[in-house]
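Here the structure comes first, spelled out in structure tokens, and everything after it is commentary.
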Amino acid sequence: MSFQNVIQFEKKIAEFYNAPFAVSTDCCTHAIELCLRLKNIKNAVSPKHTYISIPFTFEKLDIEWQFEDNKWQDYYYITNDIIDAAVHWQKNGYIHDTFMCLSFQYQKHLGLGRGGAILLNSEAEYYKLLKMRYDGRLPDIPWAKQNIDTVGYHYYMTPETAELGLEKMPAAIATDPRRWSYQDYPDLSKIEIFNVQ
């Protein structure tokens, strides 16, 4: 199995959303984390109603954050250019000059069990994120033969997951997605872990 599957999957996802670039990851939460690290974000917001990993990621990265009462549908902004688009499936749905983070978790429209991606339009940041998600290295070149210049994380999509994505994409494109909103999630501000003084 080749990393070419991953490259092909990224091209197909970018083409569907009409984004210049897509960087696949092992999950949406890690896609968001990479964007937060890339942009060196110090302050962010989380809707009260979202998946619990979002505020946990802020805690992990020591980001100042707060809940907001955001009645979002399909996606929401974490910062002015980082978007949690985990449930967003829409042809030509990329928003220019943003980092849109997608999920391919099993409940999502393109359900692969696990996986994510970052849509973006900056070529320079695309290459940075490629290396960040894959242990600081570029694919298909033995890491010991590379001069690693980027702190990397073990957040890459496997070729097997990408191959499954390529197989399932035509059916996903041909069917209408479920519409998700804040109402699909509990109020995190009422959960005990976020109320410890």
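The values are calculated or read from the model by the stated rules, or taken from the named source; none is laboratory data. On a predicted model such as this, the values are computed, not experimentally measured, just so you know. Heads up, the Cβs are rebuilt from the backbone with ideal geometry, glycines too, and the neighbour counts pull from every protein chain shown.
Only one of (1) crowded, with 17+ Cβ neighbours inside 10 Å; (2) at pLDDT 95 or above fails for HIS96. Which number is that?
(1)
For the range 99-122, give me the residue count where each residue is in contact (Cβ under 8 Å) with a residue 24 or more places away in the chain, crowded, with 18+ Cβ neighbours inside 10 Å and assigned to a loop (DSSP other than H, G, I, E, B).
Total satisfying the criteria: 6.
Using the structure shown, decide if THR158 is in contact (Cβ under 8 Å) with a residue 12 or more places away in the chain, in contact with a Gly (Cβ under 6 Å, 6 or more places away or on another chain), of a type in the set (Ser, Thr, Tyr) and more than 25 Å from SER46 (Cβ to Cβ). Outline the logic, then answer.
Details: in contact (Cβ under 8 Å) with a residue 12 or more places away in the chain: yes; in contact with a Gly (Cβ under 6 Å, 6 or more places away or on another chain): no; of a type in the set (Ser, Thr, Tyr): yes; more than 25 Å from SER46 (Cβ to Cβ): yes.
No.
Does LYS190 satisfy being of a type in the set (Lys, Arg) and within 14 Å of the chain's Cα centre (by Cα)?
Criteria not met by LYS190.
Residues are listed down the side, and each one gets a yes or a no for (1) touching a strand residue (DSSP E or B) at 6+ places or on another chain (Cβ under 6 Å); (2) within 21 Å of TYR134 (Cα to Cα):
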residue	(1), (2)
CYS28	yes, yes
ILE32	yes, yes
ALA44	yes, no
THR50	no, no
LEU61	no, yes
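Exactly one of these conditions fails for GLY136: (1) within 16 Å of GLU10 (Cβ to Cβ); (2) out of contact with any strand residue (DSSP E or B) (no Cβ under 7 Å at 6 or more places or on another chain); (3) not β-branched (Val, Ile, Thr); (4) not in a helix (DSSP H, G or I). Give me its number.
(1)
Being hydrophobic (A, V, I, L, M, F, W, C) and either surrounded by 17 or more Cβ atoms within 10 Å (Cβ to Cβ) or closer than 15 Å to PRO20 by Cβ (or both) is the filter here; which residues of the range 123-149 pass it?
Of everything in the range 123-149, those that are hydrophobic (A, V, I, L, M, F, W, C) and either surrounded by 17 or more Cβ atoms within 10 Å (Cβ to Cβ) or closer than 15 Å to PRO20 by Cβ (or both) turn out to be ALA124, LEU129, LEU130, MET132.
Can you find even one residue in the range 65-78 that is buried (at least 22 other Cβ atoms within 10 Å of the Cβ) and of a type in the set (A, V, I, L, M)?
Taking every residue of the range 65-78 in turn, at least one turns out to be buried (at least 22 other Cβ atoms within 10 Å of the Cβ) and of a type in the set (A, V, I, L, M).
Among the residues that make up the range 146-158, is at least one of them at pLDDT 95 or above, of a type in the set (Phe, Trp, Tyr) and over 24 Å from TYR75 (Cα atoms)?
yes
Only residues that are crowded, with 20+ Cβ neighbours inside 10 Å and either in contact with a Gly (Cβ under 6 Å, 6 or more places away or on another chain) or of a type outside the set (Gly, Ala, Ser) (or both): list them for the range 6-20, please.
Selection gives VAL6, PHE9, GLU10, ILE13, PHE16, TYR17.
Take GLN90 and decide whether it is of a type in the set (S, T, N, Q), crowded, with 17+ Cβ neighbours inside 10 Å and not in a strand (DSSP E or B). Break it down stepwise before answering.
Numbers: of a type in the set (S, T, N, Q): yes; crowded, with 17+ Cβ neighbours inside 10 Å: no; not in a strand (DSSP E or B): yes.
In short, no.
Among the residues that make up the range 59-69, is at least one of them β-branched (Val, Ile, Thr) and touching a Phe, Trp or Tyr at 6+ places or on another chain (Cβ under 6 Å)?
Checking the range 59-69: not a single residue is β-branched (Val, Ile, Thr) and touching a Phe, Trp or Tyr at 6+ places or on another chain (Cβ under 6 Å).
Can you confirm whether the range 31-49 contains a residue that is in a helix (DSSP H, G or I), surrounded by 20 or more Cβ atoms within 10 Å (Cβ to Cβ) and more than 15 Å from the chain's Cα centre (by Cα)? I'd like the intermediate steps shown before the answer.
Let us first name the residues in the range 31-49 that are in a helix (DSSP H, G or I), namely 31-38.
Pick out the ones that are also surrounded by 20 or more Cβ atoms within 10 Å (Cβ to Cβ) and you get 31-36.
Add one more test, that the residue is more than 15 Å from the chain's Cα centre (by Cα), and what stays is none.
No, that holds for no residue.
Would you check which residues across the range 150-165 are surrounded by 16 or more Cβ atoms within 10 Å (Cβ to Cβ) and either of a type outside the set (Ser, Thr, Tyr) or in a helix (DSSP H, G or I) (or both) and list them?
Matches in the range 150-165: GLY152, MET157, PRO159, THR161, ALA162, GLU163, LEU164, GLY165.
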